[in-house]
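What follows is one structure encoded as structure tokens, with my remarks underneath.
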Amino acid sequence: MNFRPRRSRWTDLAATSALLVALTAGATAPAFATAPAPAASQLPPLDESALRQAMAGLPNADVTGALARVSGKQVRWSGTSGVSDLGTGRPVSADSRFRIGSVSKVFTATVALQLVGEGRLDLNSTVQEHVPLLLPKGYPDVTVSQLLNHTSGLPAHGGTEIWGDGTTRWFTEHRLDGATPEQVIADGLTFPKEFLPGTAQQYNGLNTFVLGRVIEQVTGQTFAHEVQTRIARPLGLHHTYVAEADDPSLSGPHAHGYLTVTEPDGTARQVDVSEQSPWPWAEGGMISTAPELDRFITELFRGRLLRPAQQELLFTVPDVPNHRNKNCQGDHACFSMGLMSATLPNGVVIWGKTGSRPGYTSGMFATRDGSRHLVYSINPTGLMGAEFPYVLRIATAAFASGKSV
């Protein structure tokens, strides 16, 4: 049994942190329990030249390709840079399929909140009630709401042997190895809890693995089935899906993901890691495209997928401290039940999620009123975050460049 390298988890955390740092530079981190009602966002005009410049110069040693899509009120732009295949030099396509990593968490949260709205799942019910043997005997009660907003206190670590050594070499050698959700959860629970449930917030993928199992227990169906029937099919998302556990492929037109591996003699080679185990599952195992993620976040924010009470929870941040991570600026939480928030220097609040898998870094963000959305995907060749400057430039160009109107 093998897992993805530990560095992949921290890559996702760092992507979130870096995005927040850049976008909120000079702004005061919000300390609120409930987000304000939607209002017209005071966004600058879209600077298309800034977006093109944000992705210029690819491929290079750090990033092989990138794509971005911006849409919304009187706005529609998409662009690509670099190559999707180093062997052929084929350019990146605007509708390329890619691994969305932790953006998958938004789909998981949406399914859970739908079940809450249907009266089939209670936010105050516990993991112990739904999946009695999943957590150790005597473990503090962990509620569904605490899984959703990362206030469970579940361990945010994994064993060195299980998670690998964080190198590109390790991942390329083990990229087809898999693990079941139960194995991932059991590994995490070998570490002590971070804090008492409900007392703080720490972004943690283990919450979503547990939530996926709760969803399956409540519905009697697989998590993949629930995503397909509740979200993908109704929205016409034909290329958005939870990959089967034994299917490492990335089918159809896609940008290849590569990792640079350094040999003992110092020479470097690039390994195609487009095929890899999708074991992150409900936490990070989904595949999609920029147009389909754009449609998903558009319809989600419009209220098509959730009832009003649960829709409000998407934009409600718990009034608890941030615990030992840099995802949120300042000392306060910034994650709701499914999304993260950031306040731009011009006062505009954006909501969304970042995601990372080796070879792929992505994200989707929007203003709550839906006046502007951003979806991006970048193909980094390392696990240490060298692609983050591109993420920051793209996000800044999409939401914060130019003068407010």
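When you count the other C-beta atoms within 10 angstrom of each residue and take the mean per peptide, 267-274, 366-373, 208-215 line up highest first as 208-215, 366-373, 267-274. Subtracting the Cα-Cα distance of Arg269 and Glu182 from 0.36 nm times their residue separation leaves 27.8 nm of extension gain. Between Leu58 and Gly82, the built amide H atoms are under 5 Å apart, and every one of these is 5 or more places off in sequence or on another chain. Cross-link partners for Lys73 among the lysines, with Cα-Cα distance under 23 Å and sequence neighbours closer than 8 places in the same chain left out: Lys353, Lys403.
Of the solvent-accessible surface of segment 132-260, computed with a 1.4 Å probe and all protein chains present, 54% belongs to carbon and sulfur.
Expressed as a whole percent, the accessible surface of segment 54-95 that belongs to carbon and sulfur atoms is 46, based on a 1.4 Å probe. In this structure the chain gives 38 Å² per residue of accessible area when probed at 1.4 Å with all protein chains present.
Heavy-atom accessible area, probed at 1.4 angstrom with all protein chains present, ranks Asp62, Asp246 as Asp246, Asp62, highest first. A protection proxy built from the mean count of other Cβ atoms within 10 Å ranks the segments 376-386, 83-93, 171-181, most packed first, as 376-386, 171-181, 83-93. Give the aspartates and glutamates whose C-alpha is closer than 14 Å to that of Lys326, dropping any in the same chain fewer than 8 places away, or say none. Filter leaves Asp12. At full extension, Gln53 and Leu133 could sit 23.6 nm farther apart than now, given 0.36 nm per residue minus the alpha carbon distance. The antiparallel fraction among DSSP beta bridges confined to the chain stands at about 95%. For segment 363-402, backbone nitrogen atoms closer than 15 Å to the point 7 Å from Asn60 Cα along Cα-to-C-beta are found at 379-382, 385-394.
The smallest convex shape that holds all Cα atoms of the chain, its convex hull, gives 127 Å³ per residue.
Between Arg120 and Ala309, full extension at 0.36 nm per residue minus the direct alpha carbon distance yields a gain of 66.6 nm.
Given R0 = 35 Å, the distance between the Cβ atoms of Asp95 and Glu173 translates into a calculated FRET efficiency of 0.65. Counting pairs of alpha carbon atoms under 8 Å apart in space and at least six apart in sequence, what relative contact order in percent does the chain give? This gives 32 percent for the chain.
The values are calculated or read from the model by the stated rules, or taken from the named source; none is laboratory data. Since we're looking at a predicted model, the values are computed, not measured. Every residue, glycine as well, gets a Cβ built from its backbone with ideal geometry; the counts of neighbours run over all protein chains shown. When the accessible area is computed, the model is the full protein with side chains, heavy atoms only, and any ligands, DNA or RNA have been set aside. Shrake-Rupley method; radii C 1.70, N 1.55, O 1.52, S 1.80 Å.
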